[in-house]
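Undergrad: To start, I am sharing the structure in question, which I have written as structure tokens.
No value in this document is a laboratory result; all are computed from the given coordinates. A quick note: this is a predicted structure, and the numbers were derived from the prediction, not measured. Quick reminder, even Gly has a Cβ in these numbers, built from the backbone with ideal geometry, and neighbours come from all protein chains shown.
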Amino acid sequence: MSNETEFARARAVIPGGVNSPVRAYRSVGGTPRFLVSARGAYVTDVEGREYIDLIGSWGPALLGHAHPDVVAAVQDAASRGLSFGATTPGEAELAELLRERTTVRGTRLFDSIRLVSTGTEATMTAVRLARGATGRDIVLKFAGHYHGHSDGLLAESGSGVATLGLPGSAGVPADVAALTIVLPYNDLAAIEAAFAAHPGRIAAIITEAAGANAGVLVPDDGFNRALSDLAHREGALLILDEVLTGFRVGPAGWWGLEAERADGEMWKPDLVTFGKIVGGGLPLAAVAGRRDVMELLAPLGPVYQAGTLSGNPLAVAAGLATLRGADADAYARIDRSAAILSAAVEEAFASAGLAVTVSRAGSLFSLAFRDRAVRTYDDAKDQDAWRYPAFFTTLLEAGVSLPPSVFEAWFLSAAHTDLELDRITAALPAAVRAAARAPRPEPAG
Ligand SMILES: *Cc1c(COP(=O)(O)O)cnc(C)c1O
């Protein structure tokens, strides 16, 4: 078996050979690695080659792959049945744990929470709830923020859409797209203007707690609080999307980091979404929020939402085990690794004289081939992204698996130790040289 033959086989029967677009390596070239196993900081492909993994399943592998406690919890749950389509005690246990963990300095991030299977479902339900609660239609989102692949939220959404250089998606009805207004990130005046232009029509602002799908886009100091104030002044809701940042950048997500530092009363979103880590590698996500808004959900209220596999017992077991393992020590290790590795990346480029910017939001960071800070999606797109394939491929051949797109953050885990950081650091100079030598593409036309 080789990656080549597996890719040929997959392409014959799966569009592009992949079940999620970025996996196809379209923006970096070469053959995607077909993985057969993963443990700790490493993944292994069909050819038996091992790579230090900096994708971490796009977040869930916070403790490292196949953590023994998580695997044991899933095996134990599996031995009792895979899915019941009925209520299980684990669901309330996970809900309580999530609520406790996101209570910071006495402020609760949310009152009640519903479990779903994907982040896409979570944000889709949050938007429906916001519309149900306000009786309004329009949603404001930020360019470069990704909230899953539902019709209304795909416009200028970073992630795979940015990787493939697409403006949005075909198949989204114009009438649906017209209900989403896309604004530049970190620009409060643009939000004020949108509210002024559509008085009484805006149901919600949806924002990533910190942008991490167009590379890392750090919110300006006070930006999230200002969003909350503005939304509430205008009778709209704030939806905070922590699908990626939640339980990754700290025990209570990005909101928790802001809450730790807040003086005075903490701002709160009306709705918040989680995903990725909460399922510990199995399909689980959640939408949570203020009690009065959440109780608009069926069966209590008129906003419908359901799921055959919602609250799946294996996913709940994996989520519980992952969150229990994600203690202060795990976060301290991930933070330290992120500081060391991001500094090593900066250092490697600086010694080669190639200008890059490393953006960091807690332990998440990303690289941009430009010399100025990245605050918006336009900034992220305004870089020499064509240098990334050479950088990526050189590292991959050296046994380091980075996200196959410059528009994605790098994911560390508690299983990455100094040994892995040293090996990555040792592989960097050759990758930097390859990036420096990469030929600038001819302008089209
Ligand atoms: C990954 C992601 C989603 C979508 O989650 P899926 O489980 O892939 O549907 C939504 N919002 C953010 C911020 C994400 O990073």
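Undergrad: Among Ala92, Ala12, Gln75, whose Cα lies farthest out toward the positive end of the dipole of region 1-104, if unit charges sit on the beta carbon of Lys, Arg (+1) and Asp, Glu (-1)?
TA: The one lying farthest along the dipole's positive direction is Ala12.
Undergrad: Suppose R0 equals 25 Å; then what is the FRET efficiency for Ser83 and Asp292 from their Cβ-Cβ distance, rounded to the nearest 0.05?
TA: Here the calculated transfer efficiency is 0.20.
Undergrad: Considering amide H positions built from the backbone, and no H for Pro or chain starts, which residues 5 or more places from Val272, or on another chain, come under 5 Å of its amide H?
TA: Leu240, Ala288, Gly289
Undergrad: Now for a different question. Percent antiparallel among DSSP beta bridges with both residues in the chain, to the nearest 5?
TA: Taking every DSSP beta bridge within the chain, about 60 percent pair in antiparallel fashion.
Undergrad: Cross-link candidates for Lys381: which lysines have Cα within less than 30 Å, leaving aside residues fewer than 8 places away along the same chain?
TA: Filter leaves Lys141, Lys276.
Undergrad: What FRET efficiency do you get for Ser2 and Asp76 if R0 is 35 Å and r is their Cβ-Cβ distance, rounded to the nearest 0.05?
TA: In this case the efficiency is close to 0.45.
Undergrad: What list of ³J(HN,Hα) values in whole Hz, one per residue of region 332-345 in order, does the Karplus curve 6.51 cos²θ - 1.76 cosθ + 1.60 (θ = phi - 60°) give from phi, with Gly and Pro shown as x?
TA: With the stated coefficients, region 332-345 comes to 4, 5, 5, 4, 5, 4, 5, 5, 5, 6, 5, 5, 5, 5 Hz.
Undergrad: Right, next: Towards the positive end of the charge dipole of the chain, with charges on Cβ (+1 Lys, Arg; -1 Asp, Glu), say which of Ser2, Asn224, Pro32 has the farthest Cα.
TA: Most positive-ward Cα: Ser2.
Undergrad: Which residues does the label zone of Thr107 cover in region 254-293, counting backbone N under 14 Å from a point 7 Å along Cα→Cβ?
TA: Output list for this probe position: 254-271.
Undergrad: Place +1 on the Cβ of every Lys and Arg and -1 on the Cβ of every Asp and Glu in the chain, take the dipole about the Cα centre, and give the residue among Leu109, Leu237, Val406 whose Cα lies farthest towards its positive end.
TA: Final value for the positive-end residue is Val406.
Undergrad: Next question, about the same structure. Rounding to the nearest 20 debye, state how big the charge dipole of the chain is about its Cα centre with +1 on each Lys and Arg Cβ and -1 on each Asp and Glu Cβ.
TA: Its charge dipole is roughly 500 debye.
Undergrad: In nm, to one decimal, how far is the modelled label at Leu300 from the one at Ala197, with both set 7 Å along Cα→Cβ?
TA: Reported label-point gap for Leu300 and Ala197 is 3.6 nm.
Undergrad: Of all the C-alpha pairs in the chain, what % are more than 32 Å from each other?
TA: 36
Undergrad: Turning to a different aspect of this structure: I'd like the per residue volume of the convex hull spanned by the Cα atoms of region 1-62, given in cubic angstrom.
TA: Looking at region 1-62, the number lands at 91 Å³ per residue.
Undergrad: Still on this structure, I have one more. Taking the mean number of other Cβ atoms within 10 Å as a proxy for protection, how do you rank 268-276, 214-222 from highest to lowest?
TA: 268-276, 214-222
Undergrad: Ranked from highest to lowest mean number of other Cβ atoms within 10 Å per residue, what is the order of the peptides 185-197, 298-310?
TA: Descending packing order for the listed peptides: 185-197, 298-310.
Undergrad: Under the rule of at least 5 residues apart or a separate chain, name every residue whose amide H is placed under 5 Å from the amide H of Ala285.
TA: Excluding prolines and chain starts, which carry no amide H, the hits are Val116, Ser117, Thr118.
Undergrad: Given H placed on each backbone N at 1.01 Å, which residues far from Phe365 in sequence or on other chains put an amide H within less than 5 Å of it?
TA: Trp410
Undergrad: Rounded, prolate or oblate: which one fits region 245-313, using the alpha carbon gyration tensor with axes a ≥ b ≥ c (rounded when a/c is under 1.5, else prolate when a/b beats b/c, else oblate)?
TA: oblate
Undergrad: Counting pairs of alpha carbon atoms under 8 Å apart in space and at least six apart in sequence, what relative contact order in percent does the chain give?
TA: 22
Undergrad: Using the beta-carbon distance between Leu35 and Asp422 and R0 = 35 Å, what value does 1/(1 + (r/R0)^6) give for FRET efficiency, to the nearest 0.05?
TA: 0.90
Undergrad: When Rg is the radius of gyration of the Cα atoms in region 80-171 and Rh is its Kirkwood radius, what does Rg/Rh come to?
TA: 1.06
Undergrad: Okay, moving on. Equivalent-ellipsoid semi-axes (√(5λ), Cα gyration tensor) for region 176-286, whole Å, largest first?
TA: 24, 17, 13
Undergrad: To the nearest 500 deg cm²/dmol, what mean residue ellipticity at 222 nm is calculated for the chain from DSSP H runs of n ≥ 4 alone, each contributing -39,500 (n - 2.57), summed and divided by the residues?
TA: The helix-only estimate for the chain comes to -11500 deg cm²/dmol at 222 nm.
Undergrad: Could you work out the local net charge near Ala236, counting Lys and Arg as +1, Asp and Glu as -1, over the other residues with Cβ closer than 13 Å to its Cβ?
TA: 0
Undergrad: In whole Å, largest first, what are the principal axis extents of the Cα atoms in region 1-130?
TA: Between the extreme Cα coordinates on each principal axis of region 1-130 lie 52, 36, 35 Å.
Undergrad: A further question on this structure: Is region 330-405 best put as rounded, prolate or oblate by its Cα gyration tensor, with a ≥ b ≥ c the root eigenvalues, rounded for a/c under 1.5, and otherwise prolate when a/b is larger than b/c, oblate when not?
TA: Verdict is oblate for region 330-405.
Undergrad: Considering only Ala321, Ala352, Ala177, give the residue with the highest GNM mean-square fluctuation for the chain, with springs between Cα atoms whenever their separation is below 10 Å.
TA: Ala352
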